[in-house]
Amino acid sequence: MRKLFPFSIALMMIFSGCGMFESVVKSTFPYTTTLTIPASSKPGEECTAVSMATSYDQDFIRDGNDANHIEDVRIVSAKLRSVDPSDFNIGNLVSARFYMSTHDGKDEVLVASRSDITPAVGNAMVLDIDNSSFLDHLIRQPDVRIRMVYKLRNGITSDANLRLVLGISAYPHSD
């Protein structure tokens, strides 16, 4: 096992500039963010929550991103779960739409939504993805912004923090 570790590190360094390696890394680590629904949100009105999203693989890269060798990036999965309070019922939402954009809100793209949230859904829910747009230009940014547009079914007594997990797929750039 000890002999295998240095060999693995050497292979990672060799292939780190390779599009295949980068596409596997980008497709493995999702983008995550926590969005806050304030207790002051009014039921039945469309409200917005904004937060920055990150991917675990950004921690390994000097400038925050290394996506120059990949293309055709799309959303393949989206899941929402409550984190604080952990038992917050996402069924308190009537609907939710999630948009990804650059850190300043430009180039916004719909990536996931749910318009038929049932009242008893619980504290986790899979979202409907919108993979009709390529996100290549967004994931090359050091930061991406997520905007959630939602409607509450009922008023809430304390702020609710929801974790959004966006799985992506990426392919090696064909030069």
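Segment 69-175 holds strands (runs of 3 or more DSSP E) entirely within its bounds, and those carrying 1 or more residues that are basic (Lys, Arg), under 23 Å from Gly44 (Cα atoms) and in contact (Cβ under 8 Å) with a residue 40 or more places away in the chain map to 70-84, 93-102, 144-152, 160-172.
Take Thr54 and tell me if it is open to solvent by 50 Å² or more (accessible area, probe 1.4 Å), part of a strand (DSSP E or B) and modelled with pLDDT under 95.
Answer is yes for this residue.
Checking the structure you have, find out if any residue of segment 131-154 is touching a Pro at 6+ places or on another chain (Cβ under 7 Å), more than 14 Å from Ser51 (Cβ to Cβ) and of a type in the set (S, T, N, Q). Yes.
The values are calculated or read from the model by the stated rules, or taken from the named source; none is laboratory data. Just so it is clear, the model here is predicted, and its values are computed rather than measured. Glycine also receives a Cβ, built like all others from the backbone with ideal geometry; neighbour counts cover every protein chain displayed. Please note that ligands, DNA and RNA were not included when accessible areas were found on the heavy atoms of the full protein model with its side chains. Shrake-Rupley method; radii C 1.70, N 1.55, O 1.52, S 1.80 Å.
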